Amino acid sequence: MKMNQTINKSTRFRVLSEDQIEQIFYSALEILERTGGNVYHEGALELFKNSNAVVRGNNVRIPTTMVEEALNFYPRKITLKGRNGKRSLHLQKDTVTFGTGSDLPFTYDRETGERRRTVYNDIRNAGRLVDALSHYDFFMSHGIVGDAPNPQTYDRHQFMAMLEGCTKPMVLTSVDGEGLEDLWRMGCLIQGGEEEFRLNPLFVAYIEPISPLKNDRTAVEKMLFAAEKNIPAMYTPCPSSGATAPATIAGMLVQSLAETLLAIVMCHLKSPGMPLIMGGVTTLLDMRMSTYSYGAPELSLASAANTDISKWLNLLMFSTGGCTDAKILDEQAAAEQMMNLFYSYLSGANLIHDVGYIDHGTNASLESLVLNQEMMGMVKQFGKGINTDDDHLALGLIEKQGPGGEYVTTDHTFDHWKEWYMPELQDRSDYETWKKNGSKSMSDRINEKTQDLLDNYQTEPIDDKLKEELHKIVEDADKRHS
C-alpha cells in the first residue's frame with residue numbers, strides 16, 4: 001500500500017495564488033464600496049434602493065455583506081440540452097467545453113476569397129460545421145445576419161439560422177430585452193414549454209456591460225429578464241487594458257471583477273439562485289495600432305487568471321480561446337489561436353468561446369473552424385496527462401522484451417496505441433509519400449475538409465410544424481419593428 005501520494009490524472013495549471021486571488025477580490029470589494037458603478041435602468045435602481053446598497057442618482061455602491069450573501073446562492077452546475085434532445089453541455093468545476101464566437105460583421109467568401117458582409121446562409125453553414133465537428137460543444141453564431149429585414153430583429157433571424165444549421169446547445173446574443181424574450185419563447189417551443197426550458201435550457205444568454213463600471217439600460221433589461229425566467233446568462237465585461245481599464249493586468253482584473261460582482265448582487269436581488277455564469281474578455285489595447293487584441297499573450301494570461309478567480313468564488317466561467325488578430329488564416333493565426341486555446345483549456349474554464357475568430361473578432365472564416373477542430377484535439381490530448389498505473393508503467397513488458405527487443409508486435413502496443421492522438425489534417429508521412437499524394441499544404445487539406453463537410457454533411461432537420469411556429473415569432477417581431 002502506498003500512502004500520501006499525489007497523482008495528477010490530468011495536467012495542472014494555475015496563474016494566481018490563493019493570496020493573489022484574495023488581493024484582487026478584496027480590491028474589487030473596495031471599488032464597489034467606494035466608487036461603485038453606474039446603472040441606467042429604473043427597475044434595477046429600485047431593487048438597489050430597497051436593499052442595503054447606497055444609490056445616488058445612477059451611481060450604486062454596494063457593501064461587502066451584500067456581495068458575500070449573493071455569492072452563496074449561485075448554482076455550481078448548469079446542464080444545457082440541444083434541440084437533438086441530448087443533455088450534452090455539463091458545466092461544472094473544471095469541466096471544459098469549446099464553442100464559437102458571435103456577431104462577426106464580415107465573412108471571407110469561399111468562392112471569391114474576398115471579405116464581404118455576413119449573411120443568413122453563412123451562419124447556417126457555420127452551424128453545420130460546428131454540428132459535424134466533434135470537438136465543438138456549443139455554437140455561437142460566428143457571424144451577424146447582415147441581410148435581416150430590420151437591425152432590431154436580426155437576433156431572431158440569427159437564431160433561426162443557428163437552429164437550422166446546428167443541433168448542439170447554444171450561446172445567444174440579443175438586441176434588447178424584447179429580443180431576448182422572443183429567443184426564450186423560441187427556446188421554450190423547442191424544449192417543450194417553459195418548465196422544460198428551465199430544467200433543460202437550450203441556450204445561455206450573452207450579456208455585456210460597458211467598461212469601466214457602467215451598466216447600460218439594454219444590458220440590464222436583458223439581465224433582469226434572464227433572472228426572472230431563470231435563463232442561464234453570463235455578464236461579460238470586455239475591458240481593454242490601457243483604454244477602458246488600467247494598463248496593468250492586476251488592475252484590469254480588479255475592475256472586471258467589480259463589474260461582475262455588481263451584476264451578481266443585482267441578479268440576486270431580482271431572483272436568488274438564477275443560473276449566472278462569470279464572464280470576461282480581458283485583453284489589451286495595442287498602443288501602436290489602437291486595436292483590441294485577440295492574439296496577445298496577455299489575453300491568455302488574464303483569461304486564465306479570471307478562471308482562477310471564478311473557481312475561488314465557486315462560479316462557472318465563460319472564457320476566450322481559439323482567436324487571432326491575423327487578417328487571414330495564416331501562420332500568425334495558427335500560432336495565436338493555438339496559444340490561447342491551450343491556456344484556456346489548461347485553466348479549466350467552463351465555456352471557451354470565440355474559437356475560430358480572426359481579425360480582432362470582426363471576420364468569420366469556415367476554414368478557421370476546421371483548423372481549430374484539429375488544434376482542440378491536440379490540446380485535449382495534452383490535457384489528459386500521463387497515466388502511471390502498473391499497466392502503463394509496463395515494467396513487466398520492458399523486462400520481457402529486454403535489451404534490443406521490439407514492441408511493435410506486442411499485445412500491449414495493440415491495446416494502447418489507440419490512446420494516442422490521431423490527426424485528421426496534419427501530414428506525418430515521409431517526403432516521398434507526401435509528394436506522391438499531391439504535395440498538399442495544410443491550407444489545401446483544410447479547404448478540402450471544409451468543402452467536403454459543406455457538400456455532404458446534413459444537419460438533422462427541424463420538424464415542419466415546429467419550424468412554422470418558430471418563424472411566426474420571427475415574423476411577428478419583423479412586423480412590430482417594420
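Being more than 25 Å from residue 362 (Cα to Cα), modelled with pLDDT of 95 or more and of a type outside the set (A, V, I, L, M, F, W, C) narrows it down to one residue among 232, 246; which is it? Show your work before the answer.
Numbers: 246 fails: more than 25 Å from residue 362 (Cα to Cα).
Within the list 232, 246, the selection yields 232.
Note on the range 275-291: residues that are farther than 15 Å from residue 319 by Cα and either crowded, with 21+ Cβ neighbours inside 10 Å or not assigned by TED's automatic domain parsing to the domain that holds residue 313 (or both) total 2.
Please find, within the range 198-227, the residue that is farthest from the chain's Cα centre (by Cα) out of those that are of a type in the set (Asp, Glu) and surrounded by 17 or more Cβ atoms within 10 Å (Cβ to Cβ). Filtering first and then ranking leaves 221. The combined condition, being within 28 Å of the chain's Cα centre (by Cα), modelled with pLDDT under 95, surrounded by 15 or more Cβ atoms within 10 Å (Cβ to Cβ) and not assigned by TED's automatic domain parsing to the domain that holds residue 308, is fulfilled by residue 13.
For residue 100, the test of being among the hydroxyl-bearing types (Ser, Thr, Tyr), within 21 Å of residue 362 (Cβ to Cβ) and at pLDDT below 95 is failed. When 363, 350 are screened for being in the same structural domain as residue 130 (by TED's automatic domain parsing), over 30 Å from residue 116 (Cα atoms) and either crowded, with 18+ Cβ neighbours inside 10 Å or within 18 Å of the chain's Cα centre (by Cα) (or both), only 350 passes.
For the range 383-414, filtering for residues that are at pLDDT 95 or above and either surrounded by 10 or more Cβ atoms within 10 Å (Cβ to Cβ) or closer than 30 Å to residue 452 by Cα (or both) leaves 15.
Within the range 309-326, if we keep just the residues that are within 21 Å of residue 376 (Cα to Cα) and of a type outside the set (A, V, I, L, M, F, W, C), the residue that is surrounded by the most Cβ atoms within 10 Å (Cβ to Cβ) turns out to be 322. Taken together, 195, 181, 164 contain a single residue that is free of Cβ contacts under 8 Å to residues at least 24 places away in the same chain, of a type in the set (D, E, K, R) and surrounded by fewer than 21 Cβ atoms within 10 Å (Cβ to Cβ), which is 195. For the range 369-394, the candidate set comprises residues that are outside any helix (DSSP H, G or I) and among the small types (Gly, Ala, Ser); within that set, the residue that is nearest to residue 140 (Cα to Cα) is 385. Taken together, 143, 127, 193, 113 contain a single residue that is under 21 Å from residue 78 (Cβ atoms) and small (Gly, Ala, Ser), which is 193.
The values are calculated or read from the model by the stated rules, or taken from the named source; none is laboratory data. Here the structure is a predicted model, which is why all the values come from computation and not from measurement. In this analysis, Cβ positions are derived from the backbone assuming ideal geometry, glycine residues included, and neighbour counts consider all displayed protein chains.
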